[in-house]
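Data first, discussion second: the structure below is written as structure tokens.
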Amino acid sequence: MKLLWFHLMPYPAFSDTFQQDHRSVWVDLDPAVFDREVTAEMYETYIDQLVFAEECGFDAICVNEHHQNGYGMMPSPNLIASILASRTSRAAITVLGNSVALYNPPLRVAEEMAMIDLISRGRLIAGFPVGTAMDTAYSYGVNPSELRPRYYEGVDLIMEAWRSNEPFAFNGEYNKFRYVNPVPRPYQQPHPPVWVPGGGSVETWDYCAERDFVYGSLTYYGYKSVKTTVSKWWDRVEAHGKDYNPNRLAVTQFIGVADTDAEAYRLYKEPAEYFFNRSFHVYPGFTDPPGYVTEASVRAKYRSQVRDAVKAKIARGELEWDEMVENGYVVIGSPDTVREQLEAATKDLNCGNLAALLQFGNMNDELTRMNTQLFGEKVAPGLRSMFSEWEHPFWPSGATPVADDTTEAS
């Protein structure tokens, strides 16, 4: 199993009355709530934490893209990834990812990701999400009905640019170029592995299965909530005649490790409540504009009634800590407890790539580093051998496996 350290970069200093004072953490949040000194220190601390994750043996470090968002303050993950590429030497640099439809032209994505792959000597994982409605339709003003066709065309342009050895013309509906000159080209040839984070749409499952892209079921509600989504993903993989390789799937999970179960319950209560009841306070009117959810996905009824009920509780500030733990939104406990839960969950989902969210909410640096180190030293060794019978053709060629790195160091 590959273990990834995923950072959302949340703002850590919202007031206790944040939910009452603001209708949403996303799109129209008053910028006056952000203190520039807190924000500047936050970025420095968070970048150091990502570098520390490599030191603790994680296979990859992950960043993502959000806009006008107080819980995900990375409008340009490529900026962070470029820093990480030069400050690390072994771990995969995982950009999950660039919202392709927001880039005009999408060639900017091809160029910047190629630079990151070169700087890191072939350690890039290229993530191409369609993008949330909040980021795309409301923050950046993209017509929801055009979002997917712009996305598909943009990815096609990027992939052709990466594969081509000479300039070419591109005549799409939204992008028209007499000269596409693929300079710089990625370090990995023909291109870095592509992962596509998704929320559970039928089109994304088919898109990934057809092209051998890794599907990332990125959830904030834990492994239990994505069981139906993941099951349908594997159905589509089978329908396209592809194998059941667990490395085709990545899943996110909030995790808190301590010496004992009781200590974990005490330590992670505050940051979890901060995230779900402050950081994740999103105005429902921003989530599904007309045209954003396709007819096929609506007919498939992939939306979870359980998830909708949770969102309603979050909107009222009523989601309680015990419920978060019981429903698996946060996996907490001693190293043995956490390992056992994650082992059972990843077996059940057939998931070969676990993206661990070990910093969340207002978790301070000391607790984040303790959590990361405990996981790396006492949880990860029990998970690494899972799915070892499978090859991982979706992993960057320049990333060094932990076992190999340890052997060389000794």
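The values are calculated or read from the model by the stated rules, or taken from the named source; none is laboratory data. Since the structure is predicted, the reported quantities are computational estimates derived from the model, not experimental observations. Cβ atoms come from the backbone with ideal geometry, glycine included; neighbour counts cover every protein chain shown.
Computed values, structure above
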{"item": "Residue within region 112-120 that is polar (S, T, N, Q), more than 28 Å from residue 401 (Cβ to Cβ) and in contact (Cβ under 8 Å) with a residue 40 or more places away in the chain present", "result": "no"}
{"item": "Residue that is nearest to residue 402 (Cα to Cα) [pool: residues in region 18-63 that are of a type in the set (Phe, Trp, Tyr) and not in a loop (DSSP other than H, G, I, E, B)]", "result": "52"}
{"item": "Checking residue 86 against (1) hydroxyl-bearing (Ser, Thr, Tyr); (2) surrounded by fewer than 20 Cβ atoms within 10 Å (Cβ to Cβ); (3) under 21 Å from residue 207 (Cα atoms), the condition it does not meet", "result": "(3)"}
{"item": "Given (1) touching a Gly at 6+ places or on another chain (Cβ under 6 Å); (2) among the polar types (S, T, N, Q); (3) closer than 19 Å to residue 99 by Cα, number of the condition residue 201 does not satisfy", "result": "(1)"}
{"item": "Residue satisfying condition, being at pLDDT 95 or above, farther than 25 Å from residue 6 by Cβ and surrounded by 18 or more Cβ atoms within 10 Å (Cβ to Cβ), within set 250, 161", "result": "161"}
{"item": "Residue tally, condition surrounded by fewer than 19 Cβ atoms within 10 Å (Cβ to Cβ), of a type in the set (Gly, Ala, Ser) and in contact with a Ser or Thr (Cβ under 8 Å, 6 or more places away or on another chain), over region 254-272", "result": "0"}
{"item": "Among the residues listed as 118, 79, 107, 96, the single one being buried (at least 24 other Cβ atoms within 10 Å of the Cβ) and either of a type outside the set (Lys, Arg) or over 22 Å from residue 66 (Cβ atoms) (or both)", "result": "96"}
{"item": "Candidates 285, 241, 291, filtered to the one that is on the phi > 0 side of the Ramachandran plot and free of Cβ contacts under 8 Å to residues at least 12 places away in the same chain", "result": "241"}
{"item": "Residue ID - nearest to residue 103 (Cα to Cα), chosen from residues in region 31-68 that are surrounded by 23 or more Cβ atoms within 10 Å (Cβ to Cβ) and in contact with a Pro (Cβ under 8 Å, 6 or more places away or on another chain)", "result": "65"}
{"item": "Condition check for residue 130: part of a loop (DSSP other than H, G, I, E, B), over 16 Å from the mean Cα position of the chain (by Cα), in contact (Cβ under 8 Å) with a residue 12 or more places away in the chain and surrounded by 20 or more Cβ atoms within 10 Å (Cβ to Cβ)", "result": "no"}
{"item": "Output for region 242-280, where each listed residue is polar (S, T, N, Q), within 14 Å of residue 71 (Cβ to Cβ) and in a loop (DSSP other than H, G, I, E, B)", "result": "none"}
